[in-house]
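To keep things clear, I will list the structure first and then write my remarks on it.
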Amino acid sequence: MSVKGRLADIRPRDILEIFVAENRTAAVHLTSPLGFGHINISGGAVVHALYRDKTGQEALSELLSWQDGEFEVEPDATSTEHSIDEETSAAVLDEKGSVFSEGIEKAGLMDYADDSVSLINKLLKLDILERI
């Protein structure tokens with residue numbers, strides 16, 4: 001199931017946390033007034049990021065800072081590019097912390113926090129995500 005939504009509703013860092021926590025493989029495509037970028041996750045590890053002429057950690061850090069724009073998640077999409085190692089991936093995701101847990105608690109979604117599929121389905125029902 002592909003999903004898309006607005007970065008104003010769910011931040012890039014939170015999107016990645018869902019797929020990393022479930023050891024999933026996916027491509028997250030991001031668009032904003034700043035341009036276009038994508039992040040690849042393989043088996044729960046962020047393995048590649050691309051934004052303009054930047055790749056790896058530099059691109060990932062830039063994309064994670066976006067607060068305006070849209071995203072689309074392409075499940076099971078693999079990448080032949082590997083510009084981020086597992087240690088770097090974990091460090092960047094932990095770098096600034098996430099409001100994901102705090103946000104799902106405030107929204108009354110704690111029952112779904114341990115199951116990303118259920119959480120995504122609930123977010124679809126709340127019109128925070130859109131199925132495509």
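The values are calculated or read from the model by the stated rules, or taken from the named source; none is laboratory data. Given the structure is predicted, the values throughout are model-derived calculations rather than measurements. Heads up, the Cβs are rebuilt from the backbone with ideal geometry, glycines too, and the neighbour counts pull from every protein chain shown. Ligands, DNA and RNA are stripped out before the accessible areas are found, and what is left, the full protein with its side chains, is counted by its heavy atoms. Shrake-Rupley method; radii C 1.70, N 1.55, O 1.52, S 1.80 Å.
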TODO: Scan the strands (runs of 3 or more DSSP E) fully inside the range 1-52 and keep the ones with 2 or more residues being without any contact (Cβ under 8 Å) to a residue 24 or more places away in the chain and either in contact with a Pro (Cβ under 8 Å, 6 or more places away or on another chain) or more than 10 Å from Leu63 (Cα to Cα) (or both).
DONE: none
Task: Subset tally (residues that are closer than 19 Å to Pro75 by Cβ and of a type in the set (Lys, Arg)) for the range 12-56 - done: 2
Task: Criterion violated by Glu70 - all others in (1) open to solvent by less than 50 Å² (accessible area, probe 1.4 Å); (2) in contact with a Lys or Arg (Cβ under 6 Å, 6 or more places away or on another chain); (3) of a type outside the set (Gly, Ala, Ser) satisfied - done: (1)
Task: Tally of residues being under 18 Å from Thr80 (Cβ atoms), touching a helix residue (DSSP H, G or I) at 6+ places or on another chain (Cβ under 6 Å) and open to solvent by less than 40 Å² (accessible area, probe 1.4 Å) across the range 40-50 - done: 4
Open item on the list: Name the residue that is farthest from the chain's Cα centre (by Cα), counting only residues in the range 52-66 that are open to solvent by 70 Å² or more (accessible area, probe 1.4 Å) and not hydroxyl-bearing (Ser, Thr, Tyr).
Closed with: Asp53
